[in-house]
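The values are calculated or read from the model by the stated rules, or taken from the named source; none is laboratory data. The structure displayed is predicted, hence computed values, not measured ones. Neighbour counts run over all protein chains shown; Cβ positions are idealised from the backbone, glycine included.
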Amino acid sequence: MDAFYASVEQLDNPDLRGKPVAVGGSSQRGVVSTASYEARKYGIRSAMSSVIAKRNCPDLIFVKPRFERYKEISQQIREVFFEYTDLVEPLSLDEAYLDVTENKKGLPSATLIAKRIRNRIKEKTGLNASAGISINKFIAKVASDVNKPNGQKTVPPEEVLEFLEELDIRKFYGVGKVTAEKMYRLGIFNGKDLKAKTEEYLSEHFGKSGSHFYNVVRGIHNSEVKPHRIRKSLGAERTFNENISSEIFMLERLENIAEEIERRLEKSKVAGKTITLKIKYSDFTLQTRSKTINYYISNKELILEIAKDLLYQEKMKDSVRLLGISLSNLNTDKGDAKEIDKEISVQLKFRF
């Protein structure tokens, strides 16, 4: 979807249409979640500080997020997907992979299917969508950004290698800011430069990701569209209005976060073994501390206890602007809820 949250707000409030809109908090510590295309002209983007965003665009209008509304429209969009195929792998509320090799409409053209889906979404929700069409998920994902907003891009099999060779290295999945800078230092600026490197060379400089880069630049990406995508982790975090330096205050915030995670775990009917504490300091440096235990937990008391241990694991280097807790190594592919609840109950009795 194109600027999904902001587009929903403009859809529901005609006064916002054609104006620069940011979904997120406007406070001193606020962060932009999504920006309308009118706002993006000023360089405003997701995860940008609200203060910087306002400085770039004094007329920027901030709107508080309404996730229930976004979920409602997301469900309508997915209903459109299922009109064409059951092989739908959602990535988020506004994005999904679809395998249309065999489709319910019997259409031979994936390009035509994408166009029809985009038209149906527009009819049903009033919102614009963009699409990428190609031989695998990686190339389709990259192609979906080429003609945004309200457009689509098809990369047929015979054009895949040329498309990838011309692709800016920053467009490759797994290449973030740090990796991109490292690639620049190695003389890798686009797909053609990447393709010139051997798999051994890339593995030497980028570890396990080296093989991934070696394959995708050659159009090799064998990940199937998975209709029932397994959740890998679940968590929550909070950015504070003022930096916190007192560990007592940090513990209070962690307790609130643990309560939120417990609710989410209960709703998702999952539990996890690995607890990760996320700390963002006042200078915006990020630190994570993790611990894996030998049993599944979903209880806030146990989550909080381990989070406390991680907090005290080493001395804080500065005041803190954000804390977060996440659970991974989930039970999404093993055991059943009753056994897990029983296991948690035993651990609670033992530890307390």
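Some notes on this structure:
- Scope segment 260-295; condition among the basic types (Lys, Arg), in a helix (DSSP H, G or I) and surrounded by 14 or more Cβ atoms within 10 Å (Cβ to Cβ); matching residues: 264
- Those strands (runs of 3 or more DSSP E) of segment 1-84 in which at least 3 residues are hydrophobic (A, V, I, L, M, F, W, C), considering only elements entirely within it, cover 21-24, 61-63.
- Identity of the residue in segment 87-101, among the β-branched types (Val, Ile, Thr) and either in contact with a Ser or Thr (Cβ under 8 Å, 6 or more places away or on another chain) or assigned to a strand (DSSP E or B) (or both), that ends up surrounded by the most Cβ atoms within 10 Å (Cβ to Cβ): 100
- Of all the listed residues (153, 115, 105, 122), the sole one being modelled with pLDDT under 95 and of a type in the set (D, E, K, R) is 105.
- Here residue 312 does not fit the description of being within 27 Å of residue 91 (Cα to Cα) and more than 23 Å from the chain's Cα centre (by Cα).
- Answer residue from segment 248-266, given it is farther than 15 Å from residue 322 by Cβ and not hydrophobic (A, V, I, L, M, F, W, C) and is nearest to the chain's Cα centre (by Cα) among those: 264
- Scope segment 22-51; condition without any contact (Cβ under 8 Å) to a residue 24 or more places away in the chain, exposed (fewer than 15 other Cβ atoms within 10 Å of the Cβ) and small (Gly, Ala, Ser); matching residues: 43, 47
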